[in-house]
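Single-structure report; data block below.
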2 protein chains.
Amino acid sequence: MRYELYYWPEIQGRGEFVRLALEEGGADYVDVARTRGVKAMTAVMERGVRSAYAPPILKAGRFTIAQTALILQFLGPRLGLCPRGEADRLWAHQLQLTVTDFVKEIHDTHHPISSALYYEDQKPAAKRYTEAFWRHRAPKMLGYFERVVAQSGGPYVFGRRVCYVDLSLFQIVAGLRYAFPKRMRRLERSLPRLAALHDRVARRPRIAAYLKSERRIPFNEWGIFRRYPELDS
Amino acid sequence: MRYELYYWPEIQGRGEFVRLALEEGGADYVDVARTRGVKAMTAVMERGVRSAYAPPILKAGRFTIAQTALILQFLGPRLGLCPRGEADRLWAHQLQLTVTDFVKEIHDTHHPISSALYYEDQKPAAKRYTEAFWRHRAPKMLGYFERVVAQSGGPYVFGRRVCYVDLSLFQIVAGLRYAFPKRMRRLERSLPRLAALHDRVARRPRIAAYLKSERRIPFNEWGIFRRYPELDS
């Protein structure tokens with residue numbers, strides 16, 4: 001099975017959670033917009049029926065699906081990135097949906113008012129949002145996942161076998177370290193298991209090879225995780 | 001099967017999307033916090049392993065699951081509120097996840113900076129967010145669902161058979177009419193199919209009976225949809 005991923009070619013964004021799963025799963029896939037251009041992506045979005053609201057979009061044989069967490073739920077068992085029991089699969093998806101919620105909140109640190117406005121046009125609101133985010137939301141969300149890993153026995157959310165949720169948590173930790181190096185360093189003192197999970201995922205052979213490759217788009221100031229020093233003090 | 005729903009007892013909130021499905025599906029269920037108090041809910045949230053990040057939470061036999069869209073994905077086939085084919089079920093969940101994204105954006109019209117602050121402490125930001133929301137986001141999101149219904153042939157997202165997504169879209173239209181009567185009246189001129197879907201769902205016997213019952217908590221100023229006249233002009 002050759003998978004086709006449709007996502008913006010210049011950013012990690014939400015597509016990165018899918019890329020990490022395809023890479024760790026050793027999938028045969030094409031990152032379509034990066035090889036054939038953005039028009040190939042918008043064409044899929046604009047086709048007549050059952051078109052997606054937004055990318056990422058995955059084509060897998062007769063299926064074309066969107067929404068990051070759904071794509072991962074679909075790929076999980078197919079790529080061996082999820083336990084097979086129903087209770088475990090529900091739990092994995094539940095965790096991934098909580099990751100989804102968190103990603104939106106992270107994005108809003110630089111765009112609390114509107115994605116249609118530049119960051120520069122919402123800086124005071126971004127500053128205030130970010131303060132509250134690091135006071136309330138980041139400790140609560142990351143603390144939750146820290147407990148999840150503690151309860152599984154670690155190093156991953158299901159214990160010793162890696163799951164697609166772990167790849168997403170790796171990305172969250174890596175992204176927050178990039179965007180908020182000072183704040184994250186402080187908070188990570190209370191998140192030893194998440195930090196260990198991050199390092200463990202980064203050392204997995206396929207992920208390590210991917211991170212060193214050109215397929216991994218560097219963090220930048222167009223994605224979810226943006227380094228604005230004025231938000232990190 | 002007797003289902004147990006755990007959600008805040010004073011608001012419709014995200015729990016309402018689950019309540020509507022349980023009601024339309026004729027499920028035997030208990031709205032636990034409304035009958036036994038909030039402590040019964042927090043007890044489930046604080047139990048040792050695999051605890052939810054936040055309500056709504058559904059107990060169904062040996063399963064305890066959270067995240068609104070996941071609960072609906074779980075209930076859909078069990079309550080006859082979703083087609084059985086895999087492509088259809090993926091599509092239903094994909095739509096529901098887009099509803100989830102939209103619900104968060106609606107919530108943020110009154111709380112763009114932080115849920116830890118009062119609305120009164122973020123009024124200028126709320127005003128600005130709400131302007132952008134009605135200029136960009138609401139037309140785009142609701143226009144998307146309008147097209148989905150048009151392409152299915154209507155009146156529902158799968159054509160003639162109701163699905164849990166329709167119940168959620170009913171709730172979105174009802175909630176926006178409550179919170180933003182003026183703005184929604186204007187926008188609805190371009191959303192005839194969503195308006196018809198709303199009316200059709202409201203007339204379904206089980207939903208009609210539910211809406212008239214005491215089980216339906218009225219809209220109020222603690223939930224997702226809040227009527228602040230200064231945001232509606």
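Before moving on, here are some points about what is shown:
- Separation between Cα centres of the stretch B:181-224 and the stretch B:98-161, rounded to whole Å: 15
- Label distances, nm, residue B:213 versus same residue in remaining copies, Cβ-directed 7 Å point: 5.4
- Partner shielding of B:53-66 amounts to 3, given as the average count of beta-carbon atoms from other chains within 10 Å of each residue beta-carbon.
- Between B and A, roughly 4200 Å² of accessible area is buried in total, ligands, DNA and RNA not counted and the probe set to 1.4 Å.
- Full extension of the segment from residue A:189 to residue A:63, taken as 0.36 nm per residue of separation minus the current Cα-Cα distance, would add 41.1 nm.
- In chain B, helical runs assigned H by DSSP with n ≥ 4 each contribute -39500 (n - 2.57); averaged across all residues and rounded to the nearest 500, the mean residue ellipticity at 222 nm is -16500 deg cm²/dmol.
- FRET E, pair residue B:228, residue B:116, Förster distance 25 Å, beta-carbon r, rounded to 0.05: 0.85
- A simple spin-label model places the labels of residue A:151 and residue B:161 3.6 nm from each other, with each point 7 Å out along Cα-to-Cβ.
- With Cα atoms defining each centre, the stretch B:1-80 and the stretch A:1-67 are spaced 33 Å apart in the structure.
- Per residue, the accessible area of chain B comes to 42 Å², computed with a 1.4 Å probe over protein heavy atoms only.
- Whole-number percent relative contact order across the stretch A:134-217, with pairs defined as alpha carbons under 8 Å at least 6 apart: 30
- Take every Cα pair under 8 Å whose residues are at least 6 apart in sequence, average their separation, divide by the length of chain B, and the relative contact order is 21 percent.
- Rolling a 1.4 Å probe over the protein chains gives residue A:188 an accessible area of about 40 Å².
- Where B:8, B:91 fall by accessible area, highest first, once all protein chains stay in place (1.4 Å): B:8, B:91
The values are calculated or read from the model by the stated rules, or taken from the named source; none is laboratory data. Keep in mind the model is a prediction, meaning the values are calculated, not measured. Here Cβ is always computed from backbone atoms with ideal geometry, including for glycine, and neighbour counts include all displayed protein chains. For accessibility, only protein heavy atoms count, side chains too; no ligands or nucleic acids. Shrake-Rupley method; radii C 1.70, N 1.55, O 1.52, S 1.80 Å.
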